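One structure is given here, and the rest of the page talks about it.
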Amino acid sequence: MLKEEKKVEQGGVVAFRGDGFVTRPPGRAIDRLIELDEIELVIEKLVAGGDGLGRFEGIPIFVPRTAPGDRLRARLVERKPGYGRAELVELLEPGRGRREPPCPHFGRCGGCDLQHLEDAVQLRLKSEAVLETIARISGLTLPPPRAIFAGDPWAYRTRTQVHTKRVEGGGAVVGYHARASRELVVVERCPVLVPALEREVVTLGRRLPPSVPSRIDLAAGDGNQISIAPLIEGLPHGELARRVAGFDFAFDARCFFQGHARLAGALVDTVVGEARGERAIDLYGGVGLFALPLAKRYAQVTLVEGDRIASRYARRNARANRIGNVEVVAQAVESWVPAGLPDGIDRVVVDPPRDGLSTSVRALLAGRAPRRLTYVSCHPAALGRDLKTLAEAFAIESLTLLDLFPQTGHMEVVVELGLHSDRRHGSVAG
């Protein structure tokens, strides 16, 4: 709290200092921002990641857990030459679409960003923010989304990562880190998790042995199957099974698998599409979620995955589904692509980690240009950066949004890219 609250009008923005009036004469806005503790803002829009954006004399100020139209009082927590970050102190006038967050831990837990917004409002604002970020960073004109898929906004998530802490007298507590902090928030509910996974999380602390890891991964399969990693005696750690888009997949908590229980099929159908051909390559292919359906449309599919556990599951999943035209390469994409990626093949699918494609992979995809490139991303800024390079060879044919992460600021984006006409004619001639 402020020791002594004073208001100062600065260009229509109300500013506060705890030790009296701001007396510095007008100058650069950032100079005045440095001297302020609190400011009054109106939030203009939601940005990718879920923060609200307001402005102090033209300087962007990002405030978590706010909404367009909110008039609020915010405490500055970070000041940079081009922007600032703040935390909500008091909501003076709410914007449209606000609601009481359904989860009691929302104010402190860092797992969700948008529970304070109605579900339909979240979807609209996130879609706008994602498209704006991609267009701004890539410099490209984007087509309207071909579709925006939304599934259940609650009890949907089939994987999570929790943190633990020993407590005095023995035992442990389990929860999530607070936003922008390593403080542990112990949870008694987590309504975004599928019920079986929520039960596992909220009862996990009292079942842990004396020696526990600081981080635990949990995943759920079809039915009530649960897998936990690392291996902890007395806790479930077996394989999981999920049926997606007509294929059976085995995996466990050590592997990445798409986390929305009821949108994975829509994602697979969007990525695979209707195209056919002789050869396709699935980079960062995981346990085969895209490669197996691709094998029904291409004569030969190569799946490249650097994680050894995931690549072993990919081989097993191909055998279990009686698919013999998938080759699994257990090698990091960055080391495989220089020698392994041929010029002008029919199709490449990329589903890279959050940071997107490396510089070398981007350059090789643009230089050896497959006839069709499908990019799957959960990070619009990384996607925009990569599309800027890929635009040398490709044009965006379609763009699809999937809300795989309700109550958070994230969305999945699938971009379908085709060769520019001059490159396409060159490939055919070659």
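Bear in mind that the values in this text are calculations on the coordinates, not laboratory data. If you're wondering where the values come from, they're calculated on a predicted model, not measured in any experiment. All Cβ positions, glycine included, derive from the backbone under ideal geometry; neighbour counts span all protein chains shown.
Output ³J(HN,Hα) for region 173-189: one whole-Hz value per residue in order, computed from phi by the Karplus curve 6.51 cos²θ - 1.76 cosθ + 1.60 with θ = phi - 60°, and x for Gly and Pro. Each residue's phi maps through the Karplus curve to give 10, 10, x, 10, 5, 5, 4, 6, 7, 9, 5, 8, 9, 6, 10, 9, 8 Hz. Within the chain, the proportion of C-alpha pairs whose separation exceeds 35 Å stands at 39%.
In this structure, the pairs whose alpha-carbon distance is over 31 Å, taken from 45/388; 80/165; 126/388; 45/80, are 80/165. Restricting things to alpha carbons, find the Rg to Rh ratio for region 159-240 using the Kirkwood radius for Rh. Using Cα coordinates only, the ratio equals 0.95. Applying a DSSP loop filter and a limit of 13 other Cβ atoms within 10 Å to the trypsin sites (Lys or Arg not before Pro) in region 351-402 leaves 354. In order along region 280-295, the phi-based Karplus estimate (6.51 cos²θ - 1.76 cosθ + 1.60, θ = phi - 60°) of 3J(HN,Hα) comes to 10, 10, 10, 8, 6, x, x, 8, x, 4, 9, 5, 5, x, 4, 5 Hz; Gly and Pro are listed as x. The calculated 222 nm mean residue ellipticity attributable to helices in the chain amounts to -6500 deg cm²/dmol, summing -39500 (n - 2.57) over DSSP H runs of n ≥ 4 and dividing by all residues. Among the chymotrypsin sites (Phe, Trp or Tyr not before Pro) in region 242-300, none is located in a DSSP loop while being surrounded by at most 13 other Cβ atoms within 10 Å of its own Cβ.
When you have a sec, figure out the Kirkwood radius of region 40-168 from all distinct Cα pair distances and drop it here in Å to one decimal? Walk me through the numbers on the way to the answer.
Numbers: mean 1/r = 0.0609 Å⁻¹.
One decimal place: 16.4 Å for the Kirkwood radius.
Helices meeting the span-like rule in the chain (full DSSP H runs, Cα extent of at least 24 Å along the helix axis, mean Kyte-Doolittle score of -1.0 or higher): 119-138. Among the GluC sites (Glu not before Pro) in region 108-170, those placed in a DSSP loop whose Cβ has at most 14 other Cβ atoms within 10 Å are 168. Looking at the chain alone, DSSP beta bridges between its own residues are antiparallel in about 70 percent of cases.
Full extension from residue 93 to residue 299: what is 0.36 nm times the residue separation minus their Cα-Cα distance, to one decimal in nm?
Details: separation 206, 0.36 × 206 = 74.16 nm, distance 5.97 nm.
Between residue 93 and residue 299, full extension yields an extra 68.2 nm.
Of the residues 41, 289, the one with the fewest other Cβ atoms within 10 Å heads the list, and the complete ranking is 41, 289.
Spatially, region 303-329 and region 157-188 are offset by 34 Å when compared through their Cα centroids.
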